[in-house]
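Just so it is clear, none of the values below were taken in a lab; they were calculated from the coordinates. The shown structure was predicted, so the numbers you read here are calculated from the model rather than taken from an experiment. Virtual Cβ from ideal backbone geometry, glycine too; neighbours counted across all protein chains shown.
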């Protein structure tokens, strides 16, 4: 009993640290502008006062929600831009990445280990390393400052391939051999057996890809110059004392799709995270 008590207490303390910022978002979204300005003056203002934050607000208001949804047309533009950039990116990752992952998992060919390690290296490289070369290529293709500058690099991400290949590799060879004996071709194996049995891997790759693309900041900042093309992730940091409440509401709305995705596909996300830590 005592052995279980300490991990439970530790997890509870960690959960408080995780949930407290979310409580701050909700409280900030419902706090009046004057009270927010007073509490955040040490952070967003020119004063040296320490910022303070209550767990609850005594005088909640929906003014910031109304202001964002009815008086901030730029919000709908950046929200729609996020959808335009995220949906094709995730769809392309599956359409391009699934066949590549199937090939890496099921076929032996010359240079397979080199290709696998290339995918791993590309997966762990930070964006800052490839930023200059990516910009040069996109600029040469006249794609800079367009939605395609965000979508195309995301489509060819190495991470979804790595995740899906782990799941495809778990499909029993006996099942594939039985299908070949029955006359199934390689394409039919992939469509009729690979995708259904590897569906958890495909879904986990899609969910993780959605979260990554939806929250992307560095790529839009680097490849987009026109403000009308900015996604929601860039719209959020533009916070001042005057619009702090609106920013809190905007952050909550931006968080909502990721939360819904997590609640719907928690099992697949956990499987994808576990698979990403597996070794060859």
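Annotations
- Gain on full extension, evaluated as 0.36 nm per residue between residue 52 and residue 192 minus their Cα-Cα distance, stands at 44.6 nm.
- Extended-chain gain in nm, criterion 0.36 nm per residue less alpha-carbon gap, residue 41 and residue 109: 18.3 nm
- The chain: angle of helix 2-29 to the longest principal axis, Cα-based, in degrees nearest 10: 60 degrees
- Angle in degrees between helix 158-168 and the longest Cα principal axis of the chain, rounded to the nearest 10: 50 degrees
- The chain, relative contact order in percent, only Cα pairs under 8 angstrom and at least six apart counted: 30 percent
- Considering only 14, 255, 125, the mean-square fluctuation computed in a Gaussian network model of the chain, springs between alpha carbons under 10 angstrom, is largest for 14.
- Most mobile listed residue (239, 146, 130) in the chain, GNM with C-alpha springs under 10 Å: 130
- Computed over the alpha carbons of the range 136-261, Rg followed by Dmax gives 20.5, 70 Å.
- Among 84, 155, 193, residue whose mean-square fluctuation peaks in a GNM of the chain (springs only between Cα atoms under 10 Å): 193
- Relative contact order computed over the range 16-135 (Cα-Cα under 8 Å; 6+ residues apart), in percent: 17 percent
- Residue 32-residue 129 pseudo-label distance in nm [points 7 Å out on the Cα-to-Cβ vector]: 5.3 nm
- Using alpha-carbon coordinates, inclination of helix 199-214 to the longest axis of the chain, degrees: 40 degrees
- Computed across the chain, the Kirkwood radius stands at 21.9 Å (inverse of mean 1/r, all Cα pairs).
- Relative to the current alpha-carbon distance between residue 180 and residue 242, full extension at 0.36 nm per residue lengthens the span by 15.7 nm.
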